[in-house]
Amino acid sequence: MKLEDFNNLDFKNAGNLPLSVKAVLLSVLFIVLTFAGYWFFWSPALDDLDQARNKEVDLRKVFLDKSKQAINLEAYKQQMVDIEKTFGALLKQLPDKSQMDGLLTDINQAGLAQGLEFELFKPGQEVVSEFYAELPISIKVVGKYHDLGAFASEISKLSRIVTLNDISITPLSKDPANKDPKANSSDGMLSMEAVAKTYRYLDASEIANNKKMAEKKNVAH
């Protein structure tokens, strides 16, 4: 095969070309067709294949996750039952609106039972949240150290949730100028100031009203 063979190619008479030239031309044609096929057909198909493989991996992961959930379905159901029981028990610790007066009486009686003297017992303004309301109660009691501790212990034992916050304990003054007989008649007497906080759950009408108020605020903004 010589270079001159390619300079004088006559494709109209391709059947009479030398065998070596035919082989070269067929090789070039094969390479061109292979490249064109790869560029226009195989490459997009390979991209689609990669995407399909990635999707298969994602679907397999979803399938495995769903399978695990299905296997643990009974355990999840039991867990939901336990959560509902726990929620119900916690809910019972929150009084409704009609029970608040009784709870305030229980707090007062817890102090009187320990021999404490109330100088202040003042319920404040309720702080309303989405599902419950918090009622702060400012209290000031006078008594001995152990009696104050017993009062705090009794508060924690109430069937309803009550917490003592911002506690301040100071000894009673023995200033001769103090005319208060409680301040000068007994040794070891202490004054405790605190904010007792208790909570109640909102009834259906209050929750609905809160939602309406929230919607009005959103519309206003």
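Descriptive notes on the structure:
- No other residue among Gln114, Gln109, Gln125, Gln79 is outside the structural domain of Val195 (by TED's automatic domain parsing) and modelled with pLDDT of 80 or more apart from Gln79.
- Region 141-159: number of residues that are at pLDDT below 90 and surrounded by 13 or more Cβ atoms within 10 Å (Cβ to Cβ): 1
- The residues listed here are Lys22, Lys2; of these, the one that is of a type outside the set (Val, Ile, Thr), surrounded by 11 or more Cβ atoms within 10 Å (Cβ to Cβ), at pLDDT below 65 and outside the structural domain of Tyr199 (by TED's automatic domain parsing) is Lys22.
- Some residue of region 170-177 being surrounded by fewer than 16 Cβ atoms within 10 Å (Cβ to Cβ) and at pLDDT 90 or above: yes
- Just one of the listed residues (Leu59, Leu49, Leu103, Leu64) is more than 24 Å from the chain's Cα centre (by Cα), assigned by TED's automatic domain parsing to the domain that holds Thr163 and modelled with pLDDT of 70 or more, and it is Leu103.
The values are calculated or read from the model by the stated rules, or taken from the named source; none is laboratory data. Being a predicted model, the structure only gives us computed values, none of them experimental. Positions of Cβ are backbone-derived with ideal geometry, glycine not excepted, and every protein chain shown enters the neighbour counts.
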